[in-house]
Amino acid sequence: MKTTITAIATTVALGVGLGGAAQAQDDAIVIGVQVPTTGSEATYGQDMYNAAELAAAEINADGGLLGRQIELINGDSACDPQQSVNAAGNLVSRDVVGIVGGYCSGATMPTLKTYGDEGLPFVITASNSTQLIPANPGNAFMINSTGADQSKKAAEFFESQGIERLAVIDQGDSYSQDLADLTVERWESMGHEVVTRETVNKGEQDFSAVVSNVRSSGAEAVFWTAYYADGGLMIRQLRQGGFRGTIAVGDGSNSPQLFEIAGGAAEGVFAFSNPTAEFLPAAADFIDDYQAEYGQSPGPYAPLNYDGLKLLAWAMETAGTTDSAAVVDVLESTDGQSWLTGPIRFTDENTLARSNFIILEGEDGAWTFFDN
């Protein structure tokens, strides 16, 4: 596969990469990649875009899609709802035949109408708030397990660790609030106690009041349901403030960069994570090719975005057309075909029909697999 990666420069992103200023080749099949390549989550977004490039390069080197080359156009969501809508409108105006991506759920949510109005197939590869489900017009398909699956994984973990009193902290956005709400509901239904529920602002620097509330509540564990950029700082201040209980984070904080921000305070922290490349047996070649092309290891959502592009292309090839309705029909009929991150089959709500969550533990400045 390594010899195929040179195709990226000539067939995948010829003038339509992150800048997106040039026009696609006349005969190209143009696919949008909606990810945050600016803002606080840009590291995740760039990583996801890279993975889509690799997938497209492989397809192009193997003869293309329906005998034509794939070209990608980036739609930078910046994890901001308004910018995401603007980016979605730009992708639609440039005649994309489908979209992959979606990281921050709050930014993905308003694009569902934009793509739904056009009937465009949208493979959502990271966003997993359950709030996306009722807003889905039927053309979007989530290949990352939902917050309902994650809250179940989290509650079962805390219970296995003998935790009774839990503190839950979110940032009030669609993703983190949804995960927090689901976890609180599930935890209390299991007969346990949520002793404090905190909401902080994105970009906040001083969490001393939250740390004080957590300590005075008698919490034995803290669950941070938001993103790593602020999560690392929260973890560091919790430890500096004297909290010695269990700390766990949701999949929005499973980035290796959490360790750069939190430092030694991230040791022993647990993460409920989507399947990342280093823990996927089928991903060895993918990891090698990603490192060879980009000079770094693939991040947490690279495998899912790689699969998203491959899945969308497979659906078009199977349908024998890029016609949106036909492609959506094929996606709906997906029946356990195996991909890098595992088999994909959808529920009646177009969500992944299995839980893909694993548990990681921070050890020596990196994530390790935790087998509980």
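The values are calculated or read from the model by the stated rules, or taken from the named source; none is laboratory data. Everything quoted here is computed from the prediction, not taken from an experiment. Please note: Cβ atoms are built from the backbone with ideal geometry, for glycine as well, and neighbour counts cover all protein chains shown.
Quick notes on this structure:
- Extreme residue, farthest from VAL123 (Cα to Cα), among residues of the stretch 325-340 that are in contact (Cβ under 8 Å) with a residue 12 or more places away in the chain and assigned to a helix (DSSP H, G or I): ALA325
- Filter result for the condition that a residue is touching a Pro at 6+ places or on another chain (Cβ under 7 Å), surrounded by 19 or more Cβ atoms within 10 Å (Cβ to Cβ) and at pLDDT 95 or above, over PRO303, PRO275, PRO298: PRO303
- Count of residues meeting criterion [more than 12 Å from ASN201 (Cα to Cα), surrounded by 20 or more Cβ atoms within 10 Å (Cβ to Cβ) and charged (D, E, K, R)] in the stretch 162-180: 1
So that you can scan it fast, the table gives a plain yes or no per residue for (1) in contact (Cβ under 8 Å) with a residue 12 or more places away in the chain; (2) out of contact with any helix residue (DSSP H, G or I) (no Cβ under 8 Å at 6 or more places or on another chain); (3) hydrophobic (A, V, I, L, M, F, W, C):
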position	(1), (2), (3)
VAL211	yes, no, yes
TYR228	yes, no, no
GLY231	yes, no, no
GLY241	yes, no, no
ILE247	yes, no, yes
SER255	yes, no, no
LEU258	yes, no, yes
GLU267	yes, yes, no
ALA271	yes, no, yes
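- Members of the stretch 133-146 found to be within 16 Å of TYR175 (Cα to Cα) and touching a residue at least 40 places away in the same chain (Cβ under 8 Å), listed by number: ILE133, ASN136, MET142, ILE143, ASN144, SER145, THR146
- In the stretch 255-310, the residues that are in contact with a Lys or Arg (Cβ under 9 Å, 6 or more places away or on another chain) and aromatic (Phe, Trp, Tyr): PHE272
- Out of VAL96, VAL92, one residue alone is in the same structural domain as ALA326 (by TED's automatic domain parsing), among the aliphatic types (A, V, I, L, M) and surrounded by 24 or more Cβ atoms within 10 Å (Cβ to Cβ). It is VAL96.
- Helices (runs of 4 or more DSSP H) within the stretch 100-186 that include 1 or more residues among the aromatic types (Phe, Trp, Tyr) and either over 19 Å from GLN83 (Cβ atoms) or in the same structural domain as VAL327 (by TED's automatic domain parsing) (or both): 111-118, 147-160
- Residue match in the stretch 220-227 (condition: in the same structural domain as PRO256 (by TED's automatic domain parsing) and part of a helix (DSSP H, G or I)): no
- Across the stretch 270-322, the number of residues qualifying as under 17 Å from GLY102 (Cβ atoms), assigned to a helix (DSSP H, G or I) and within 17 Å of the chain's Cα centre (by Cα) comes to 11.
- So PRO300, is it of a type outside the set (Gly, Ala, Ser), in contact (Cβ under 8 Å) with a residue 60 or more places away in the chain and not assigned by TED's automatic domain parsing to the domain that holds ASN254: yes
- Restricting attention to the stretch 322-372 and to residues that are closer than 20 Å to ILE287 by Cα and among the polar types (S, T, N, Q), the residue that is modelled with the lowest pLDDT turns out to be SER338.
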